[in-house]
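The values are calculated or read from the model by the stated rules, or taken from the named source; none is laboratory data. Since the structure is predicted, the reported quantities are computational estimates derived from the model, not experimental observations. Positions of Cβ are generated from backbone atoms using ideal geometry, with glycine treated the same way; all protein chains shown enter the neighbour counts.
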Amino acid sequence: MKVLVVNAGSSSLKYQLFDTATGSVLAKGICERIGIDGKIEHKQADGTKTVREIEMKNHSVATRILVDTLTDPTIGCIKSMDEIEAVGHRVVHGGAYFSESVLVTPEVIEKLKKCVDLAPLHTPAHLMGIEGITNEMPNVPQVLVFDTAFHQTMPEYAWMYPIPYEMYEKYSIRRYGAHGTSHRFVAGEMCKLLGKTEGTKIVTCHLGNGSSISAVKDGKVVDTSMGFTPLDGVEMGTRCGSIDPAIVTFIMEHEGMAPGEMSDFMNKKCGFLGVSGISSDSRDIEAAILKGDHRAWLAANILAYQIKKYIGSYAAAMNGLDAIVFTAGMGENNPELRERVCTDMEYYGIKIDNELNAKTHHQPNIVKLSTPESKVEVWLIPTNEELVIASDTEKLATK
């Protein structure tokens with residue numbers, strides 16, 4: 001089956017076309033600057049890249065351009081859009097409504113609209129992407145795959161916050177987590193490497209501009225660092241992660257910030273950017289560290305220290321630890337971060353090959369970073385969220 005995987009942003013539309021029979025990517029790309037002027041960057045299976053500037057006033061137009069590009073006689077990979085048998089959408093937040101992937105129906109759309117407040121930067125864009133596909137490909141089944149779904153196996157005591165219970169009942173305030181599709185993929189791969197699912201205790205570290213850590217026991221999530229929204233957890237590129245709640249009201253009062261301004265502050269002006277004063281990008285942080293910049297060093301070590309604490313607490317929660325997995329942008333491509341996290345972890349018997357770790361980046365392979373004597377295995381597993389989305393889409397579309 002040929003499945004189109006779509007990840008819609010407010011002004012962008014990322015896509016990959018899969019042949020699920022072979023697991024291969026036939027083409028991928030991104031429509032950018034939707035509603036501004038428009039540009040599509042398209043990459044063929046052989047790596048050939050084409051960039052075209054073309055007006056895209058909305059997501060429906062972007063979808064039409066996407067399909068026209070995929071069917072283009074020169075750079076396309078299919079003869080007609082009829083070859084696309086299903087479309088899968090990545091959706092950040094499914095709230096309390098969705099614990100698994102679902103086919104798009106009017107009822108599903110209405111429930112998704114109720115999740116806008118939980119991911120205001122993402123959900124409206126998802127809805128626009130679904131609408132764009134519906135307008136251009138009305139007879140093609142669509143599937144929603146939720147970043148929050150994999151975390152729905154958490155026990156109640158892990159996802160419930162110690163607030164008045166009526167606040168949970170009234171507003172569905174609870175821990176939901178994020179990056180679940182990525183955690184699901186790498187945890188599954190790690191179980192394969194361990195040769196079993198039952199009896200496994202794994203900590204998966206999805207580290208990028210947004211980062212989250214999950215405890216996965218017997219193949220199921222028992223806890224995760226992101227919470228009610230993706231703001232919770234560890235320090236990120238521009239997000240503060242977990243801080244004393246009193247800091248929020250303190251800054252609002254002393255800086256005269258409204259709730260929306262404070263939300264913007266915590267989401268866009270903190271993290272690496274706020275601490276270092278340099279950048280939200282770990283590559284810039286690492287470069288500054290080499291030049292002796294203390295605030296860059298501080299930003300990097302705050303994150304490593306927090307990840308280390310999550311690993312320790314999750315080992316306690318699972319009553320053991322078999323493996324640690326690093327994935328996503330920083331997890332896969334920042335050896336310095338991985339070394340900082342795994343240093344001084346002798347209590348758990350964690351030991352990595354620093355020489356191998358230092359040269360393992362910007363490559364597509366699964367790599368075991370721990371030494372033979374390490375009691376806990378440490379692996380780099382490149383994530384593949386799109387493959388998970390394509391697989392779920394195929395399963396639901398063929399039912």
Requested in this report: Of all residues in region 128-165, count the ones that are surrounded by fewer than 23 Cβ atoms within 10 Å (Cβ to Cβ), assigned to a loop (DSSP other than H, G, I, E, B) and touching a helix residue (DSSP H, G or I) at 6+ places or on another chain (Cβ under 8 Å).
Outcome: 5
Query raised in the report: Only one of LYS220, LYS291 is over 18 Å from ALA119 (Cα atoms), surrounded by fewer than 18 Cβ atoms within 10 Å (Cβ to Cβ), basic (Lys, Arg) and in contact with a Ser or Thr (Cβ under 7 Å, 6 or more places away or on another chain); which?
Result: LYS220
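Are any of the residues in region 380-387 buried (at least 17 other Cβ atoms within 10 Å of the Cβ), of a type in the set (Val, Ile, Thr) and touching a helix residue (DSSP H, G or I) at 6+ places or on another chain (Cβ under 7 Å)? Give the steps one after another, and end with the answer.
Here is the first cut: in region 380-387, the ones buried (at least 17 other Cβ atoms within 10 Å of the Cβ) are 380-387.
Still in the list and also of a type in the set (Val, Ile, Thr): 381, 383.
From what is left, the residues that are touching a helix residue (DSSP H, G or I) at 6+ places or on another chain (Cβ under 7 Å) are 381, 383.
So far as region 380-387 goes, yes, one or more of its residues are buried (at least 17 other Cβ atoms within 10 Å of the Cβ), of a type in the set (Val, Ile, Thr) and touching a helix residue (DSSP H, G or I) at 6+ places or on another chain (Cβ under 7 Å).
So in region 77-100, with the set limited to residues that are touching a Ser or Thr at 6+ places or on another chain (Cβ under 8 Å) and either at pLDDT 95 or above or assigned to a helix (DSSP H, G or I) (or both), which one is nearest to VAL140 (Cα to Cα)?
In the first step, residues of region 77-100 are kept if they are touching a Ser or Thr at 6+ places or on another chain (Cβ under 8 Å); the result is 78-81, 86-88, 90-96, 98.
Narrowing the set further to residues that are either at pLDDT 95 or above or assigned to a helix (DSSP H, G or I) (or both) leaves 81, 86-88.
Details: MET81: 10, ALA86: 6, VAL87: 7, GLY88: 10 Å.
That would be ALA86.
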Query raised in the report: When the residues of region 1-24 are filtered to those that are without any contact (Cβ under 8 Å) to a residue 60 or more places away in the chain and assigned to a strand (DSSP E or B), which remaining residue is surrounded by the fewest Cβ atoms within 10 Å (Cβ to Cβ)?
Result: SER24
**Report entry** Number of positions in region 322-363 that are buried (at least 17 other Cβ atoms within 10 Å of the Cβ), of a type outside the set (Ser, Thr, Tyr) and under 19 Å from the mean Cα position of the chain (by Cα)
**Finding:** 12
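Does region 327-349 hold any residues that are farther than 23 Å from PHE185 by Cβ and without any contact (Cβ under 8 Å) to a residue 40 or more places away in the chain, and which are they?
Step one: list which residues in region 327-349 are farther than 23 Å from PHE185 by Cβ, which gives 336, 339-340, 343-349.
Across region 327-349, the qualifying residues are GLU339, THR343, ASP344, MET345, GLU346, TYR347, TYR348, GLY349.
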Query - One residue from ALA119, ALA125 being in contact with a Pro (Cβ under 8 Å, 6 or more places away or on another chain) and crowded, with 18+ Cβ neighbours inside 10 Å - result: ALA119
Requested in this report: Answer yes if at least one residue in region 84-102 is surrounded by fewer than 20 Cβ atoms within 10 Å (Cβ to Cβ), of a type in the set (Ser, Thr, Tyr) and over 25 Å from LYS170 (Cβ atoms), and no otherwise.
Outcome: no
Query raised in the report: Applying the selection to region 312-321, what residues are in contact with a strand residue (DSSP E or B) (Cβ under 7 Å, 6 or more places away or on another chain) and either surrounded by 23 or more Cβ atoms within 10 Å (Cβ to Cβ) or in a loop (DSSP other than H, G, I, E, B) (or both)?
Result: TYR314, GLY320, LEU321
Query raised in the report: Hey, does region 267-284 have a residue that's at pLDDT below 95 and surrounded by 20 or more Cβ atoms within 10 Å (Cβ to Cβ)?
Result: yes
Query raised in the report: What single numbered condition from (1) within 25 Å of GLU131 (Cβ to Cβ); (2) among the small types (Gly, Ala, Ser); (3) without any contact (Cβ under 8 Å) to a residue 40 or more places away in the chain fails to hold for GLY29?
Result: (3)
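Which ranges mark the helices (runs of 4 or more DSSP H) fully within region 322-396 that have 1 or more residues being in contact with a strand residue (DSSP E or B) (Cβ under 6 Å, 6 or more places away or on another chain)?
On the way: elements: 328-333, 335-342, 354-358.
The qualifying helices (runs of 4 or more DSSP H) are 328-333, 335-342.
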